[in-house]
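Notes to accompany the following structure.
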Amino acid sequence: MNSYEEITDDQLLCSAINTYQVVIIGRDYIDIIEDENGSPVFFFIDVVDLKENSLSDIVSSMKYCVEIFEKHEHYEKCADITEFLKQYNLS
């Protein structure tokens with residue numbers, strides 16, 4: 001029998017915030033990991049080398065972040081992502 005742990009809403013929000021910080025703000029993923037003091041840290045894309053992600057994966061992860069941020073009323077982050085996507089004609 002396989003068992004798995006469901007992802008909580010809080011974990012999704014944290015993952016969205018972490019991904020946002022790396023892609024939009026340009027924060028180093030290592031700083032995010034160090035700030036968590038050993039707690040698990042999740043992202044929606046591979047942040048070790050962003051250049052290894054396809055453009056499609058980055059855009060998809062950002063659009064998913066917007067969905068989560070809208071649900072949690074983080075509208076400023078939604079606006080930042082939307083502006084980022086428009087800036088590079090990715091929306």
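Contact annotation: residue pairs with Cβ atoms under 9 Å, 6 or more positions apart or on different chains, pairing a residue in region 77-91 that is without any contact (Cβ under 8 Å) to a residue 40 or more places away in the chain and of a type outside the set (Phe, Trp, Tyr) with a partner that is surrounded by fewer than 12 Cβ atoms within 10 Å (Cβ to Cβ) and part of a helix (DSSP H, G or I), are LEU90/LEU55. If you go through region 41-91 and keep only what is surrounded by 14 or more Cβ atoms within 10 Å (Cβ to Cβ), outside any helix (DSSP H, G or I) and among the β-branched types (Val, Ile, Thr), you end up with VAL41, ILE45, VAL47.
For the structure I just gave you, tell me whether ASP57 is at pLDDT 95 or above and either small (Gly, Ala, Ser) or in contact with a helix residue (DSSP H, G or I) (Cβ under 9 Å, 6 or more places away or on another chain) (or both).
Numbers: at pLDDT 95 or above: yes; either small (Gly, Ala, Ser) or in contact with a helix residue (DSSP H, G or I) (Cβ under 9 Å, 6 or more places away or on another chain) (or both): no.
So ASP57 fails the test.
Of everything in region 19-31 that is without any contact (Cβ under 8 Å) to a residue 40 or more places away in the chain, out of contact with any Asp or Glu (no Cβ under 9 Å at 6 or more places or on another chain) and within 20 Å of CYS78 (Cβ to Cβ), the residue that is surrounded by the most Cβ atoms within 10 Å (Cβ to Cβ) is ARG27.
The values are calculated or read from the model by the stated rules, or taken from the named source; none is laboratory data. Not measured: the values here are computed from a predicted model. Here the Cβ is made from the backbone with ideal geometry for all residues, glycine too, and neighbour counts use every protein chain on show.
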